[in-house]
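Structure, as structure tokens:
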Amino acid sequence: MTRILLIIITIIIACLWLFLFKKLNILDKPGSDLKNTRAPVPTLQWIFVILILLIWIAIVFPEYYNNPLFLGLVIPWGLIGIVEVVEECSYLWKFPKVPPFFRLLVHLIAAFLAVRIWGIWNQEFVLWETVYQIPNRLFTIAFMIRTMFCINAINRFDGIYAQWSWVSAIGFLTIYLLIRFVVFESYETFSNLDILIIVKNLSLFLFIISLVYTIIEYKPLGLVRDVGIMFFWFAIAYLSVAWGAKIWTLIVALSLVIFDAVRVGLYRIFILKKNPLNWDYTHFHHRLMGLWFSRGETRAFIRIRSIMMMILMLLQWANRFHKLIIFTMMACLFFGINAYLFLYKKMPCWLQIKKER
């Protein structure tokens, strides 16, 4: 009953927020690229995402406001949010743009603050049934780099409405299902039961919110913009580590975004000889559209694949070896097919955009 009520109230607040921003004329106007077929729509809807999360935590779990785990999620995000709002305002009202490297630096600082506030220490790494203790400094550096990569990987995977929100929903759903049906069913005792419950509840809330925005951004009716996209994947990177997650399951479920970010970065550096932070139309979904896939077909392919990978990994239960094999096979398949089609067969490497005058 609580979940149904959460969905209903989330939809109501989202619609009210869309109406308010439309009245205030805070609209995203389409440019002469992939967005040139729609009318202006309310933008910066990330405020609703944060608002509804804080409201529901206050109603259902008010004790979380004194919990370091929750504070480690929302406080560092405030730092990222300020910088990204300035960046978004530069598109709306011609403010000076934030340099890309400064944004990356802020992402790293926010990840460091998350570790310090929550105190994610004494992490372990399991390989071939052997448990290795990760030094705190090494873990902090690895977490900072991983979080920065996740935030920017999903941000670059945008370009088709409702695509990033759906992938984010799969990420939160994967974390929730892992805890609910794998961890709680596979083990009898837990040293971090309180943490598991908090992460499970937060993942469920964020899954519902991101799913609602999959609907809102489909036409689109409104846009959360980069600042909202980055919040979701900051949360995924943070929550997946906070409880000692089964990382392989999450990575494979979201492997299309991760593999695509790696491939695009290498392609820009070694083939195009350009800064990997410079935006272009070389991402996987752009390539599908360059091969005459429609937006709907591209969305359907990515959604079906994400669901299939999530289910496949969940069916492996707690078997780390099988998950590692699946991850390796998916990586070989993704990079192998891309290399064969676009490097060997010389097919179009990206979507060519004809800008209107």
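Values quoted throughout were computed directly from the atomic coordinates according to the rules given, and no laboratory measurement underlies them. Being a predicted model, the structure only gives us computed values, none of them experimental. As a convention, Cβ positions derive from the backbone with ideal geometry for all residues, glycine included, and neighbour counts pool all protein chains shown.
General remarks:
- Where labels lie 7 Å past Cα in the beta-carbon direction, separation of Phe270 and Leu314 in nm: 3.6
- Given charges at Cβ of Lys, Arg, Asp, Glu: segment 1-109 dipole, positive-most of Ile52, Phe21, Leu104: Phe21
- In the chain, Cα pairs under 8 Å separated by at least six residues give a relative contact order of 20 percent.
- Trypsin sites (Lys or Arg not before Pro) lying in DSSP loop within segment 314-353, provided at most 13 other Cβ fall within 10 Å: Lys345, Lys346
- Proximal charge balance of Asp280 [Cβ under 10 Å; K/R count +1, D/E count -1]: +3
- Taking amide H as placed 1.01 Å from N in the peptide plane, Asp28 has its amide H under 5 Å from the amide H of Val41, Thr43, each at least 5 places away in sequence or on another chain.
- Distance in nm between pseudo-label sites at Arg3 and Ile26 (7 Å out along the Cβ direction from Cα): 3.2
- Footprinting exposure proxy for Met148, Met230, Met347 (fewest neighbouring C-beta atoms within 10 Å first): Met347, Met148, Met230
- With both labels modelled 7 Å from their Cα along Cα-to-Cβ, the Ser186 to Lys219 distance reads 4.3 nm.
- Less than 5 angstrom separates the built amide H of Phe95 from those of Ser90, all sequence-distant by 5 or more or on a different chain.
- Relative packing of 19-30, 275-286, which averages over residues the other C-beta atoms within 10 Å, highest first: 275-286, 19-30
- Ordering of 296-309, 71-84 by packing [mean C-beta count within 10 Å, highest first]: 71-84, 296-309
- Across segment 253-268, rounded Karplus estimates of 3J(HN,Hα) from the backbone phi angles (6.51 cos²θ - 1.76 cosθ + 1.60, θ = phi - 60°) give 4, 10, 4, 4, 5, 5, 4, 5, 5, 5, 5, 5, x, 5, 5, 5 Hz, Gly and Pro being marked x.
- The slack in the chain from Leu333 to Leu51, taken as 0.36 nm per residue of separation less the alpha-carbon distance, amounts to 97.5 nm.
- Cα-Cα over 32 Å, subset of Lys94/Lys219; Lys97/Lys200; Lys97/Lys273; Lys23/Lys97: Lys97/Lys200
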